[in-house]
């Protein structure tokens, strides 16, 4: 994993500032959207042979967001983050899954 770590260190030094381009109307605060985070880091990651791929999968019987960081050398890091799906009256709310997916993707980057 030495090549991947070296590349991550170099890429991180080149990350662009993350712009707060979203507004939370309830709290009246600005925040960085997932797109803003990806816009800030993707060019530097690509320059150093890195890519992030995220999938939702069933892992040990639970739905997880699996984040893969791949390096052109073939080295990779994988992280799993379990979803907190709420189940009301045996009906899973798709909106809850969508919100949780977005927040998991945001905080895993």
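Here are some notes:
- Unmet requirement for residue 68, which otherwise passes all of (1) within 23 Å of residue 3 (Cβ to Cβ); (2) touching a residue at least 40 places away in the same chain (Cβ under 8 Å); (3) under 10 Å from the mean Cα position of the chain (by Cα): (2)
- Selection from the stretch 43-54 of residues that are surrounded by 15 or more Cβ atoms within 10 Å (Cβ to Cβ) and under 18 Å from residue 12 (Cα atoms): 44, 45, 48, 49, 50, 52
- First in the stretch 15-31 and at positive phi and at pLDDT 95 or above, second anywhere and assigned to a strand (DSSP E or B) and surrounded by fewer than 10 Cβ atoms within 10 Å (Cβ to Cβ), Cβ under 8 Å, 6 or more apart: none
- Residues of the stretch 55-74 that turn out to be more than 16 Å from residue 11 (Cβ to Cβ) and either out of contact with any helix residue (DSSP H, G or I) (no Cβ under 7 Å at 6 or more places or on another chain) or surrounded by 17 or more Cβ atoms within 10 Å (Cβ to Cβ) (or both), as a count: 12
- Scanning the stretch 15-42 for residues that are in a helix (DSSP H, G or I) and surrounded by 13 or more Cβ atoms within 10 Å (Cβ to Cβ) yields 34, 36, 37, 38, 39, 40, 41, 42.
The values are calculated or read from the model by the stated rules, or taken from the named source; none is laboratory data. Everything quoted here is computed from the prediction, not taken from an experiment. We place every Cβ from the backbone using ideal geometry, glycine too, and count neighbours over all the protein chains shown.
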